[in-house]
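The values are calculated or read from the model by the stated rules, or taken from the named source; none is laboratory data. Source: prediction; values computed, not measured. All Cβ positions, glycine included, derive from the backbone under ideal geometry; neighbour counts span all protein chains shown. Accessible surface is based on the protein model in full, side chains and every heavy atom, while ligands, DNA and RNA are left aside. Shrake-Rupley method; radii C 1.70, N 1.55, O 1.52, S 1.80 Å.
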There are 4 protein chains.
Amino acid sequence: MENIADKKRAIFESTLVLIKEKGFHGTPMSQIAKNAGVAAGTIYHHFDSKETLILELYTYIRDKMLEAMLQLDNEAMDYKDRFFNFWISHCHFYVKNPNALFFMEQFVNSPYSNRDPLQENERFQNTFRDLIKAGVETGLLKPIDHLILSALIHGTIVNVAKMHLCQRVVIGEAELQQIVEVIWDGMHQQPNGAATS
Amino acid sequence: MENIADKKRAIFESTLVLIKEKGFHGTPMSQIAKNAGVAAGTIYHHFDSKETLILELYTYIRDKMLEAMLQLDNEAMDYKDRFFNFWISHCHFYVKNPNALFFMEQFVNSPYSNRDPLQENERFQNTFRDLIKAGVETGLLKPIDHLILSALIHGTIVNVAKMHLCQRVVIGEAELQQIVEVIWDGMHQQPNGAATS
Amino acid sequence: MENIADKKRAIFESTLVLIKEKGFHGTPMSQIAKNAGVAAGTIYHHFDSKETLILELYTYIRDKMLEAMLQLDNEAMDYKDRFFNFWISHCHFYVKNPNALFFMEQFVNSPYSNRDPLQENERFQNTFRDLIKAGVETGLLKPIDHLILSALIHGTIVNVAKMHLCQRVVIGEAELQQIVEVIWDGMHQQPNGAATS
Amino acid sequence: MENIADKKRAIFESTLVLIKEKGFHGTPMSQIAKNAGVAAGTIYHHFDSKETLILELYTYIRDKMLEAMLQLDNEAMDYKDRFFNFWISHCHFYVKNPNALFFMEQFVNSPYSNRDPLQENERFQNTFRDLIKAGVETGLLKPIDHLILSALIHGTIVNVAKMHLCQRVVIGEAELQQIVEVIWDGMHQQPNGAATS
DNA sequence: TATGAATGAGTCTTCATTCAT
DNA sequence: GATGAATGAAGACTCATTCAT
């Protein structure tokens with residue numbers, strides 16, 4: 001039976017919607033249950049506590065995100081294309097899943113994230129990190145600690161997605177392309193090693 | 001009286017510390033009061049509710065941040081220097097006020113920020129926006145919607161500051177310089193109008 | 001089928017163990033089921049409710065206790081020996097079945113026992129009462145209401161067994177003998193009718 | 001102000017009544033609060049949790065009991081009189097405070113009592129123990145471990161009080177006197193050292 | 001009969017807010 | 001204004017019981 005997985009998914013999605021609207025605190029388990037179409041007690045057959053639910057929801061989203069991002073990726077592709085792909089598909093994911101974006105942002109800035117074992121998630125981190133590292137090692141990206149480059153990339157993705165979702169600017173495919181160009185131009189290293197001044 | 005302002009400040013700082021540690025939900029008014037050295041009821045002489053307190057705290061921090069950022073700014077300076085200054089002093093502010101960073105990040109991603117009239121804050125936004133707009137208009141920055149550029153800049157500042165505070169990379173003045181260079185290189189438009197490819 | 005009786009017994013024993021450790025309240029039906037090796041719903045094929053289960057468990061234990069106590073009894077024996085036997089075998093039962101002791105003590109002091117029809121149990125009461133009554137009637141015991149004498153006897157048995165189980169004193173066979181001697185000396189009536197002063 | 005102590009007392013008494021009627025489990029904090037004339041939350045200003053409340057209630061009762069028992073005691077009195085006094089005033093206390101009796105009996109047989117530090121209560125234990133020890137040392141009582149004698153005494157007190165309260169026998173002052181006589185006769189040692197056989 | 005996932009009423013507990021002093 | 005005890009609504013969580021399989 002797919003039932004169990006289905007029920008968990010229903011609870012995840014219900015939680016996601018409510019947390020986006022009301023925040024962690026503003027989202028009672030009773031309402032999560034109601035919106036998921038189950039009884040309050042049922043949640044506790046699948047998750048030990050509200051905290052566990054949120055922690056697992058985090059992992060669930062990371063997995064979905066990774067899947068979405070790998071769909072277009074291909075190690076045989078040109079580095080720059082892979083770089084662009086990554087940035088854009090990550091951004092797309094957030095734009096298409098705004099609840100996920102707001103959840104993630106609340107999560108990483110909340111005390112929950114400190115308690116997270118962060119191991120499952122490493123699969124996501126690793127994939128991303130390897131791409132950046134490779135760029136630095138092959139000299140395509142400037143010689144800067146890959147963690148810093150990641151921070152820069154991730155920061156831009158999230159903020160651009162948020163700006164889009166807040167409807168403050170229209171950001172179509174053309175704009176996205178233009179934006180990644182900016183990121184790339186900043187991180188890219190000229191073949192002769194001379195970064196633009 | 002300075003007393004009132006002092007008491008408000010004490011409440012603000014107490015709130016800031018607790019929210020960084022425990023999050024909005026994990027921070028009861030009673031504890032804010034205790035850490036601020038006042039009685040629980042006293043907070044309600046200064047703030048209508050917990051929500052008001054948090055909303056005002058947001059403004060309080062924006063003001064402090066603006067003040068910090070304007071200290072080194074000077075309209076007579078070279079554009080690139082002003083740009084660098086802005087980025088770096090903003091980042092410095094967060095690094096020196098980690099509680100403020102974590103508060104702001106929780107705030108902007110919470111349902112609180114949706115209710116914020118966003119008017120007070122415009123002072124901050126305006127100052128920043130004008131700089132970016134000027135860059136675009138004078139052709140020093142690529143011709144991209146200034147809101148997008150702001151998003152990119154802000155995203156990088158916040159994420160670099162977080163990475164620094166999480167102690168995952170050592171980020172000294174040299175690294176900061178190097179990082180803004182990346183941002184600048186990405187946004188800067190070559191005099192001849194040809195952006196790097 | 002022996003199966004049904006076996007299953008009931010398994011449920012009884014599981015309940016007994018858990019109630020000793022956790023008390024009535026701390027013992028969920030689900031755990032009783034798990035420790036008994038059956039499903040939660042199965043219990044309800046054998047008992048109408050948790051209350052019924054506990055009420056029947058009470059009877060189950062009374063029966064086991066009576067059986068244990070009658071094993072050494074024999075109407076042909078000397079009265080004093082029967083008296084000693086009763087006291088000691090009752091105490092032995094509790095010492096060998098500490099779970100039963102703790103269950104009974106919780107039970108008789110709980111609101112459950114008020115609802116108990118107390119009929120089944122009379123078999124136990126009767127056997128015991130008859131012995132005491134006979135003692136009074138034959139003048140071997142002091143002329144005191146047999147219910148009072150029973151209370152005295154039962155109170156000493158239970159408390160001595162508890163003291164033993166709490167490991168606060170070592171109580172071997174010699175001590176037991178000495179203790180019943182005390183009880184007997186107190187209740188026994190001198191042939192000449194003069195009770196000790 | 002006596003207010004705080006008064007409020008605690010009101011909560012204690014409310015708890016006592018309800019626990020006698022409904023048991024630990026059947027007594028919700030909300031009802032304790034209502035019967036005590038306070039709000040549910042108020043209880044938590046005085047007690048950390050339901051468990052703490054019950055633990056403190058235990059101590060509260062021990063104290064009241066000790067006080068009642070010492071009222072008639074006097075070291076200058078004849079040993080036998082003190083012994084009788086102790087037994088009877090203890091029994092009286094239970095008869096006059098049936099709620100206390102049922103609470104104590106539930107308590108000592110529940111998992112709560114295992115967590116009790118049992119230190120405060122030692123005052124009670126010590127007073128009682130000293131009396132018994134003195135009896136053994138002076139040869140007035142049979143040479144049996146004082147813990148065993150205590151168990152016998154306490155067991156009889158509690159069970160006689162219960163029998164009285166269950167209305168199964170009328171136990172007046174004359175009967176009480178007669179009963180302690182039984183206990184005394186059992187434990188007392190003949191001057192010539194020959195216990196009755 | 002046996003199962004065990006699902007139910008939802010009921011519990012303990014927290015905490016924003018009030019108000020008499 | 002300041003205090004902090006009191007309030008009680010609301011939330012997380014438990015568990016006896018049911019019922020479709």
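Observations
- Breaking point among (1) assigned to a helix (DSSP H, G or I); (2) open to solvent by 60 Å² or more (accessible area, probe 1.4 Å); (3) facing chain B (nearest Cβ under 8 Å), for A:A174: (3)
- Applying the set (1) within 16 Å of DNA strand E (Cβ to nearest atom); (2) more than 14 Å from chain C (Cβ to nearest Cβ) to D:G26 leaves exactly one unmet item: (2).
- Scanning the stretch B:115-148 for residues that are at pLDDT below 75, more than 13 Å from chain A (Cβ to nearest Cβ) and not in a helix (DSSP H, G or I) gives B:P117, B:Q119, B:E120, B:N121.
- The helices (runs of 4 or more DSSP H) located wholly in the stretch B:26-114 that include 2 or more residues which are within 15 Å of DNA strand F (Cβ to nearest atom) occupy B:29-36, B:40-46, B:50-70.
- When each of D:L55, D:L70 is tested for being among the hydrophobic types (A, V, I, L, M, F, W, C) and open to solvent by 60 Å² or more (accessible area, probe 1.4 Å), the lone residue that passes is D:L70.
- Tally, over the stretch A:7-25, of residues that are more than 8 Å from DNA strand F (Cβ to nearest atom) and open to solvent by 50 Å² or more (accessible area, probe 1.4 Å): 8
- Unmet criterion (only one of (1) hydrophobic (A, V, I, L, M, F, W, C); (2) away from chain B (no Cβ under 14 Å); (3) within 24 Å of B:S113 (Cβ to Cβ)) for A:A40: (3)
- Tallying residues that are more than 10 Å from chain B (Cβ to nearest Cβ) and in contact (Cβ under 8 Å) with a residue 12 or more places away in the chain within the stretch A:161-171 yields 1.
- Filter result (more than 9 Å from chain C (Cβ to nearest Cβ), at pLDDT below 90 and surrounded by 14 or more Cβ atoms within 10 Å (Cβ to Cβ)) within the stretch D:177-195: D:Q189
- Yes/no for B:V158 being at the interface with another protein chain (Cβ under 10 Å from one of its Cβ atoms) and assigned to a loop (DSSP other than H, G, I, E, B): no
- Boolean, A:N99 is surrounded by fewer than 19 Cβ atoms within 10 Å (Cβ to Cβ) and either hydroxyl-bearing (S, T, Y) or more than 16 Å from DNA strand E (Cβ to nearest atom) (or both): yes
- Residues of the stretch D:46-85 that turn out to be within 8 Å of DNA strand E (Cβ to nearest atom), without any contact (Cβ under 8 Å) to a residue 60 or more places away in the chain and within 14 Å of another protein chain (Cβ to nearest Cβ), as a count: 1
- Every residue from the stretch C:121-166 that is open to solvent by less than 10 Å² (accessible area, probe 1.4 Å) and of a type outside the set (A, V, I, L, M): C:N121, C:G135, C:G155, C:T156
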